[in-house]
Each structure stands twice: as C-alpha cells, then as structure tokens.
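A short worksheet on the structure shown next.
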Protein chains: 2
Amino acid sequence: MKKFAVGIDIGGTYTKLGLVDEKGNCPVQSKLPTKGHSDIDDYLRKIKTEVDKLVDEIGECELIGIGIGVPNGNYFKGTIEHAANLEWKGIVPLIDKLKPIFPDIPAILTNDANASAYGEGIFGAAKGVSEFITITLGTGLGSGIVINNKLVYGNNGFAGELGHTRAVENGRECGCGKKGCLETYCSSTGLKRTLLEMLAVKKAPSKFRDLGINDFHGEEITEEALNGDEVAKAAFEKTGYILGRSLADFVAFSEPKAIYLAGGLVSSGDLLFDPTRKSFEEHLMTIYKGKVEILPSGLMDMNAAILGAAALIWNEYQ
Amino acid sequence: MKKFAVGIDIGGTYTKLGLVDEKGNCPVQSKLPTKGHSDIDDYLRKIKTEVDKLVDEIGECELIGIGIGVPNGNYFKGTIEHAANLEWKGIVPLIDKLKPIFPDIPAILTNDANASAYGEGIFGAAKGVSEFITITLGTGLGSGIVINNKLVYGNNGFAGELGHTRAVENGRECGCGKKGCLETYCSSTGLKRTLLEMLAVKKAPSKFRDLGINDFHGEEITEEALNGDEVAKAAFEKTGYILGRSLADFVAFSEPKAIYLAGGLVSSGDLLFDPTRKSFEEHLMTIYKGKVEILPSGLMDMNAAILGAAALIWNEYQ
C-alpha cells in the first residue's frame, strides 16, 4: 500500500495540508482558515475531517505520520509558544491535543523555518548535502541550519534565529525589540523599507514617489527595477549587499557547503542574487572564498511549506 | 594496566606534551622547541623520544592514542595547512608521517581552538553539557562550537572562525585581510589596541601614556585597571561591550547552554566578565535572555592545551 506523510503548514491566515509521498509528490491538498478558531480542539477536529477527505480522494493508502510547520513551534515540547500571528495565546500543547484525534500515527511539529530546511534537505536542492543553511525571505527572515545531516535545535529548541542577528549597528527598529536586525533589511518588508530610504537618498524619477510604503509590493519593485527604475535597482543592491555580508559571517560559524534562499523575495532572481553573491565573496574569509554556494531553493514553485512539514516525518521514517 | 592518551600541543615556539588519564590527570609532561626543526621527520622522531621518556617515567601503562592540537590543523585530512606561525610551509601531512613512528596507536589532530573545546567538554567546565561554545582570548580569538555533543567541523573542516566575524563595520584591520573582525577587539592584542584608542579618547592620567603599544602587557593593564586607572578600565569596558554583543549573535545561531571563555585575557576576571555579561544580556533576543551563561573555562590553571589535545582521543575512546 502506498505510503504518505501528512504535511500541515499552519499560517496566520490559512492552514494548508497535503499528503506527500517519499519522493515529495503531493497529489492531493487542501486548506482551511486558521483564523476564527479560538477553540483549538474544534480546529483540530476540522483538520481531521480534511485529512479524511484527502485519504478518500487518494483511495487505498497508509499514513505514516503527521508533520506540522508552525510559527514559534517547539520541536522538543510539541507546543506552539507565544505566536504573535495566531489566535491561540500563551503555550499551546498542540501535539498532546492531536494525539487522541490521530491515535495511531506519530505527529511532530517544528517552526516553519525549520520545516523549510527539512523540505530542502529531503525533497529540494539540498538533497544529499549534509551541511547547509536555508534562509527564507518572506515578510520576515526565517532560517534553518543543518549540520552533519541534522537540524540544529539548540539547548531549548530556539536555535537558528539568524533574522535577528545584527546586520547594521544602531539600525532599523525590529519587531523583536532590538535594532538593526537582518530581517529589517533582508525580507520583503525590509526591501520596502530600503526602497523608502533610497527614495530619500536618490533623485532619480520613480513610480514609487507617488505611492506610500503600504502600497509598495514586492513584485512591482522587481518589475520596475527590471524596467530600469534606478531607485528600485538601488534598493535591491543594498538588500543584496547587507544579506551577502551577513551570510559571510554565518559561514564562519558552521562552514556550510551551500546556502539556499527561499521565500517570495527570491522570485526577483538576479536582482537579488547578483549583489548578494558579490557582497558574500567580498566579505568571506580567504579560506572560504569560492567554496560556498548561494543557491535558490529547489522548492520555489511547489507547496514548499506542506513539503517541509511532511519532510519532518519522512526524515524520521527513512 | 592504566590507560593514557598522549596530548600534544604544537605552538609556534614550543611543543608541549603529556600523558593524560581518563579523568584529565596529567602526571607527566614535557616540552621541546617547535622552532629549529625545518625537517618535520626529525621533529617527529624527537616527539617519539619524548613520549618514550614519559612512558618510562610513569612505568607500566597503555597508550590508547595520540591527540594533537595545532594551528591550522585539519581534522578531516590530518594535515597542517598554511600555518603562518610554523616553519613547515604549505600542506603538511602530519598524521601520515606520524603513523610509521607510532604504528600501533591511532593519532588525530585538530586545530588548537577545537582542541580547547574538546578539553572543556571532556575534562572542564562543559562536562555533561551537549550545547556550548568555547572562546579562547589569547593573542587572537579562537573558537570551538559543540552542537548535540559533537564539535562542528563544517564542510571542509574550517567551521568555527568566530574571531573573524564582523564586530564593527569598517573597523580595525585584521591579519586575515578583512576589517572589523572580532579578534581585533577581543583578544589580548585587541585589548592593547583599545587601550591605545582610549588614551586618545580620554584625558585621565594613565601610566600607559609613557609607554608604546609594544610595551603594553595584559597583566599590567589588568593591574592598573584594578588600581583605578580610568583609561585601562575604559579599555576593558569597551572590550566586554563588543564581546558581549557578538556572543549574543552567536546564540541566535546555535542557542548554546553556555559560552566558556578561556585564554590569558580571562585572568582579568570581573574586569572582563562584568561588561561582557551586561552587554550580552542587553543584546540577546528576548527568548534567550537569562538562559545562556557566560562562564570561565574550567581548565584555566591547568595544562589546558595538552588536556584538549588528549581529549580528542578520550572523546573517541569513550
């Protein structure tokens, strides 16, 4: 009987789920709103209903486990802890609550950035690579670090917060309470803040002079930069410069074989990769120069979040 | 028969060696000059003679292996690679050359900073701790990172160069060719450079106004600071501030349980630890605050380098 892992990606707005086979195929998937379920037990029963529907769709199959990616997920405790974008406040024992609903299969959760790293390693561009880092450039900057084929969790499960390392001294205010964090520069939000800064620095004409920052959109910044907008181009240059410089420091920590970039910002392609790679090589110690690649995620146009969550299970199973 | 590992610390000037039992006792030790042996085979034969003497001194015993700590030592290849402070240039296949001389026991080498981390974990303050970082503040800044009870080597054996992460933007020139590296601020050399800077910044009287930087000595800076020299105190304050801030970023990478400080500068005690801990807590992300300790090495007044080298062997043996 064909085996599948259930991959569940719990986001602030939607929860996406799918059945994923050992090769990373996801033939059936579904989604439901995360919002509007202040009662978590009610939410988990709806998840159960969706999973049952997916199994019916597939026909005969065996579920080997449930993997969950969720903001502030604690792998060690199976809990969601103080997630700012979710309705459930405080510490939620998600895995304990899931057990009676799915009594026969194992369930594991981790934070969404770590799930991405699992996905990249099991199904994506990092397949067969034992030392790598994934950086997800979305609204914020998430990161997952793999050393010796294992995800780095740290002493309490909170390792890998590279978005909150210091990119700029006394820099931009970050949601975490610190200043100058990498994610305030390198993320879709960071790009918009940099565009704003560049509108102040530069005199070139730009479509964005007529818009407020709340009306900036990543795809449009890319499009205008490709059309020659000097200000938008400068925003990408600075984003890449700061990202490359920080990635060079991360290499001095774990010396990965490669760093994979994922998330919405990566669809900007060379606009982002060119200045990032240039700054990266410039800031690397000599012993690392030319030896570490910066590559796009292998899961860019796929259900990366569902695959990542399911990879948690396939990783244990294999 | 009592078992011992041979620990060999190869420094630029001297090579120190000793026999170390499983508890970290080192009842016999010896040293010979590293300099003046342009012929490495000749040098290794002298090592053999010294080891034989140590065994004779102990009487009946069993040697379980040879552990070597050496600058630019490559654990994977058993080589010394382009070590600036040693006479042997290029890539030296030390382990291959050692094999015919000690045919019956295993030999392993690693760089001196990694050996310190092994020593701390097996015999020192990090015994039983599975997630930690050691920082050795000597002439430079060496570091060893332990994750999940294993030393982090990286893809080619060059992980853990935390002394060459960016502490200050466009900062001091570093021997590695980059600018603003942590070791240009946080090391005994860094302290002297900071003292020089503080002599320029401050107007307070200081004994050091009559000395050139080549006549600054770490112990004297400590002594004067304890005697109330405002300039020397300010130099320690700045050193601790910069160190604590960088250590906070390292926590965002691997979330260790503790960070152990070793090396000559650590004998300055609270002069260094107080501002380091203060800055560390100030710069940590909220989720880490109060959860990661900065502690002195447990091997401060011992043959830390010999113990570290021997720990390489005991680590494999246990």
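The values are calculated or read from the model by the stated rules, or taken from the named source; none is laboratory data. Note that the structure is predicted; figures quoted are calculated from it, not measured. No Cβ is skipped: glycine too gets one built from the backbone with ideal geometry, and neighbour counts run over all protein chains shown. The protein model used for the area step is the full one, side chains on, heavy atoms only, and it has no ligands, DNA or RNA in it. Shrake-Rupley method; radii C 1.70, N 1.55, O 1.52, S 1.80 Å.
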Residue list for the range A:141-150, restricted to those being more than 10 Å from every other protein chain (Cβ to nearest Cβ) and touching a strand residue (DSSP E or B) at 6+ places or on another chain (Cβ under 9 Å): A:141, A:142, A:144, A:146
Please verify whether residue B:147 is open to solvent by less than 40 Å² (accessible area, probe 1.4 Å) and touching a Ser or Thr at 6+ places or on another chain (Cβ under 6 Å), treating the condition exactly as stated. yes
Could you tell me whether residue A:189 is open to solvent by less than 30 Å² (accessible area, probe 1.4 Å) and assigned by TED's automatic domain parsing to the domain that holds residue A:136? no
Could you figure out which of (1) small (Gly, Ala, Ser); (2) surrounded by 19 or more Cβ atoms within 10 Å (Cβ to Cβ); (3) not in a helix (DSSP H, G or I) isn't true of residue B:204? (2)
Kindly list, by first and then second residue, each pair from a residue in the range A:1-28 that is among the aromatic types (Phe, Trp, Tyr) to a residue that is buried (at least 21 other Cβ atoms within 10 Å of the Cβ), limited to pairs with Cβ atoms under 7 Å and residues at least 6 apart or on different chains. A:4/A:19; A:4/A:20
Of all residues being at pLDDT below 95 and of a type in the set (Gly, Ala, Ser) in the range A:25-62, which is nearest to residue A:314 (Cα to Cα)? Just the residue, please. A:59
Right, residue A:307: away from every other protein chain (no Cβ under 12 Å) and of a type outside the set (Val, Ile, Thr) or not? yes
Filtering the range A:130-157 for residues that are within 19 Å of residue B:283 (Cα to Cα) and free of Cβ contacts under 8 Å to residues at least 24 places away in the same chain leaves a count of 2
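Quick grid of which residues meet (1) more than 18 Å from residue A:261 (Cβ to Cβ); (2) out of contact with any Asp or Glu (no Cβ under 6 Å at 6 or more places or on another chain):
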| residue | (1), (2) |
| --- | --- |
| A:145 | no, yes |
| A:153 | yes, yes |
| A:158 | yes, no |
| A:164 | no, yes |
| A:168 | yes, yes |
| A:172 | yes, yes |
| A:178 | yes, yes |
| A:182 | no, yes |
| A:186 | no, yes |
Condition check: outside any strand (DSSP E or B), open to solvent by less than 20 Å² (accessible area, probe 1.4 Å) and at positive phi. Does residue B:24 satisfy that? yes
Among residues of the range B:230-246, those that are open to solvent by 60 Å² or more (accessible area, probe 1.4 Å), touching a Lys or Arg at 6+ places or on another chain (Cβ under 7 Å) and under 11 Å from residue B:272 (Cα atoms), counted: 0
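Quick grid of which residues meet (1) within 14 Å of chain B (Cβ to nearest Cβ); (2) assigned to a helix (DSSP H, G or I); (3) touching a Leu at 6+ places or on another chain (Cβ under 8 Å):
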site	(1), (2), (3)
A:220	no, yes, no
A:225	no, yes, yes
A:241	yes, yes, no
A:244	yes, yes, no
A:249	yes, yes, no
For residues that are buried (at least 19 other Cβ atoms within 10 Å of the Cβ) and either more than 10 Å from chain A (Cβ to nearest Cβ) or assigned to a loop (DSSP other than H, G, I, E, B) (or both), tally how many sit in the range B:158-173. 6
Got a number for residues in the range B:252-275 being open to solvent by 70 Å² or more (accessible area, probe 1.4 Å) and either modelled with pLDDT of 95 or more or within 14 Å of another protein chain (Cβ to nearest Cβ) (or both)? 3
Only one of B:196, B:162, B:265, B:271 is farther than 30 Å from residue B:120 by Cβ and in contact with a helix residue (DSSP H, G or I) (Cβ under 7 Å, 6 or more places away or on another chain); which? B:196
Hits in the range A:276-304 (condition: more than 14 Å from chain B (Cβ to nearest Cβ), open to solvent by 10 Å² or more (accessible area, probe 1.4 Å) and in a helix (DSSP H, G or I)): A:277, A:278, A:304
Could you check the range A:27-53 and list, in sequence order, the residues that are crowded, with 16+ Cβ neighbours inside 10 Å and closer than 16 Å to residue A:102 by Cα? A:40, A:43, A:44, A:47, A:50, A:51
Residues that are surrounded by fewer than 24 Cβ atoms within 10 Å (Cβ to Cβ) and within 14 Å of another protein chain (Cβ to nearest Cβ), drawn from the range B:127-139: B:128, B:129, B:130, B:131
List the number of the failed condition for residue A:206; all other conditions in (1) more than 14 Å from chain B (Cβ to nearest Cβ); (2) in contact with a strand residue (DSSP E or B) (Cβ under 6 Å, 6 or more places away or on another chain); (3) modelled with pLDDT of 95 or more hold. (2)
Among the residues of the range A:181-189, is any more than 8 Å from chain B (Cβ to nearest Cβ), over 17 Å from the mean Cα position of the chain (by Cα) and in a helix (DSSP H, G or I)? no
Residue B:86 vs (1) under 22 Å from residue B:140 (Cβ atoms); (2) under 20 Å from the mean Cα position of the chain (by Cα); (3) modelled with pLDDT of 95 or more: all pass except (3)
Of all residues being assigned to a helix (DSSP H, G or I) and hydrophobic (A, V, I, L, M, F, W, C) in the range B:27-56, which is farthest from residue B:120 (Cα to Cα)? Just the residue, please. B:40
